[in-house]
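Q: My questions all concern the structure below.
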Amino acid sequence: MSKLNLIIDDIKYLLKDMCLEDQIDVINEIKIKLHDISPFKKEPVDCIIWIKQSEIQANDYNPNKVAPPEMELLKLSIQNDGYTQPVVSWKENDRREVVDGFHRYLVATNDDQVLKRLNGYLPVTTINKERTDKGNRIASTIRHNRARGKHQIESMSDIVVELKKRNWTDKRICKELGMDEDEVLRLCQITGLSELFSNSEFNEAWEAEIFEEDDFKLLEEEDIK
């Protein structure tokens with residue numbers, strides 16, 4: 001018998017008399033230890049663990065909304081095919097927040113069939129530690145959504161406002177969210193907040209042109225010609 005088989009047998013023996021919660025804790029810990037020595041430890045998907053739904057919460061900035069028919073299809077997919085994608089999260093102490101996969105999270109918390117099958121748990125990955133600043137988490141969520149072609153314009157404008165208030169430059173917003181300068185400018189305009197333009201790197205100031213009476217006469221003459 002190989003050493004690996006001996007290790008697996010030891011783990012089975014260790015788990016057999018444990019309650020479900022303890023079993024999941026041990027399995028998670030094994031996965032985390034393996035992830036630490038993995039050649040792919042920089043990749044969050046290398047370590048998918050099971051976390052109680054009660055320990056995960058939605059974020060307050062996701063601009064992605066799924067139409068009812070698509071939501072029903074997602075629920076049917078999870079019911080029949082199981083979870084093929086984890087929920088992406090960030091962790092701070094005992095708190096986890098959804099970065100991507102809010103609707104997968106929603107199915108698990110609202111559907112009795114899925115809730116029972118998963119025993120109140122969700123498959124979760126954790127974003128890299130250097131991406132846990134809120135601005136970076138927002139950018140990560142937007143990139144996930146835009147890569148799938150799903151985001152709402154009005155909510156995206158709110159995101160740009162949030163990042164501007166966090167002192168992100170226009171260039172950084174363009175780079176992190178995969179936008180061009182015109183798109184950032186349009187999203188700023190949607191909010192109607194003039195202060196967003198005060199530090200704009202690509203917005204030229206406009207000054208009102210004052211017309212004198214003689215100017216109007218010249219315009220009238222041009223129209224006659």
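Q: Among the listed residues LYS3, LYS31, which satisfies the condition of being among the basic types (Lys, Arg), farther than 15 Å from TRP90 by Cα and surrounded by 11 or more Cβ atoms within 10 Å (Cβ to Cβ)?
A: On the way: LYS3 fails: surrounded by 11 or more Cβ atoms within 10 Å (Cβ to Cβ).
From the options LYS3, LYS31, the qualifying one is LYS31.
Q: Just need a number here: residues in segment 106-128 that are within 15 Å of the chain's Cα centre (by Cα) and part of a helix (DSSP H, G or I). Give the derivation first.
A: Applying the first criterion (within 15 Å of the chain's Cα centre (by Cα)) to segment 106-128 yields 106, 124-128.
Now narrow it down to the ones that are part of a helix (DSSP H, G or I): 106.
Residues flagged as within 15 Å of the chain's Cα centre (by Cα) and part of a helix (DSSP H, G or I) within segment 106-128 amount to 1.
Q: Taking ASP81 and the conditions (1) surrounded by 13 or more Cβ atoms within 10 Å (Cβ to Cβ); (2) out of contact with any Phe, Trp or Tyr (no Cβ under 8 Å at 6 or more places or on another chain), which numbered condition does it fall short on, given that it satisfies the others?
A: (1)
Q: Here is a further query. Which condition number in (1) out of contact with any Asp or Glu (no Cβ under 9 Å at 6 or more places or on another chain); (2) surrounded by fewer than 19 Cβ atoms within 10 Å (Cβ to Cβ); (3) among the hydroxyl-bearing types (Ser, Thr, Tyr) is the one that TYR105 fails?
A: (2)
Q: Report every pair of residues separated by at least 6 positions or lying on different chains whose Cβ atoms are under 7 Å apart, first residue within segment 68-92 and closer than 14 Å to ALA108 by Cα, second loosely packed, with under 12 Cβ neighbours inside 10 Å and modelled with pLDDT under 95.
A: Qualifying pairs under 7 Å: GLN79/GLN113.
Q: Which ones in segment 84-96 are modelled with pLDDT under 90, surrounded by 16 or more Cβ atoms within 10 Å (Cβ to Cβ) and not hydrophobic (A, V, I, L, M, F, W, C)? Break it down stepwise before answering.
A: Step one: of segment 84-96, the residues modelled with pLDDT under 90 are 90-95.
Still in the list and also surrounded by 16 or more Cβ atoms within 10 Å (Cβ to Cβ): 90-91.
Answer for segment 84-96, where residues must be modelled with pLDDT under 90, surrounded by 16 or more Cβ atoms within 10 Å (Cβ to Cβ) and not hydrophobic (A, V, I, L, M, F, W, C): just LYS91.
Q: Just give me the residues in segment 169-183 being charged (D, E, K, R) and part of a loop (DSSP other than H, G, I, E, B), in sequence order.
A: Answer for segment 169-183, where residues must be charged (D, E, K, R) and part of a loop (DSSP other than H, G, I, E, B): just ASP180.
Q: Hey, another quick one. Condition test on ILE142, is it β-branched (Val, Ile, Thr) and out of contact with any Lys or Arg (no Cβ under 9 Å at 6 or more places or on another chain)?
A: Working: β-branched (Val, Ile, Thr): yes; out of contact with any Lys or Arg (no Cβ under 9 Å at 6 or more places or on another chain): yes.
Yes, satisfied.
The values are calculated or read from the model by the stated rules, or taken from the named source; none is laboratory data. These figures come from a predicted structure and were not determined experimentally. Neighbour counts are summed over all protein chains in view; Cβ atoms, including those assigned to glycine, are modelled from backbone coordinates with ideal geometry.
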